[in-house]
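Please treat every number below as a calculation from the coordinates, not as lab data. Here the structure is a predicted model, which is why all the values come from computation and not from measurement. FYI the Cβ positions are ideal-geometry reconstructions off the backbone, even for glycines, and counts take in every protein chain you see.
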Amino acid sequence: MTKSHLLSQLVLNLIRNIDASGIPAVYLSLHTADPGITGASEVVAAEYNRKPITFGVPVDDYTLNDVLVIYDIAQSLWGDISHAGLWDAPAAGNFLIGGAFIAPTNIDVNKVPVVQVGTLTHQET
């Protein structure tokens, strides 16, 4: 996963023993290409919006999403969803980090995108 500059600064502040709180919730975004460090290529559709997500307690530097994430039914073609991202807001906000799914999933009309518990992993190295 590629970290944004904001998330890198928060991690560096933790190392420096400076409070890095201030992100009250994290929201999951879907992308049709690598979001890089800016959150680019996020799905654009009237019915699409980011969904809240949480992660479990890290074990051996890994953490997994611990909630089922269900998006609204696609009313239009969203395309091949190849990447996910995390943001600090449900709209606009700051992009935190993004990464690729194992395989892209095509979201066509009338499909309900779902991210199963344990599907998203992050390792801090």
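Sorted from greatest to least, the principal axis extents spanned by the alpha carbons of the chain come out as 48, 28, 22 Å. Could you give the angle, 0 to 90 degrees to the nearest 10, between helix 5-15's Cα long axis and the longest principal axis of the Cα atoms of the chain? For 5-15 against the chain, the angle is about 30 degrees. For GLY79, the residues whose modelled amide H falls within less than 5 Å of its own, excluding neighbours fewer than 5 places apart on the same chain, are ILE107.
Close amide-amide hydrogen proximity is noted between ASP72 and ASN49, each under 5 Å apart and 5 or more residues distant or on a separate chain (H modeled in the peptide plane; Pro and chain starts excluded).
Basic side chains Lys and Arg get +1 at the Cβ, acidic Asp and Glu get -1 at the Cβ, and with that the dipole of the chain about its Cα centre reaches some 140 debye. Projecting the Cα atoms of VAL59, HIS31, ILE102 onto the charge dipole of the chain, computed from C-beta unit charges around the Cα centre, puts HIS31 farthest toward the positive end. For the chain, the mean residue ellipticity at 222 nm estimated from helices alone is -2500 deg cm²/dmol, where every DSSP H run of n ≥ 4 contributes -39500 (n - 2.57) and the total is divided by all residues, rounded to the nearest 500.
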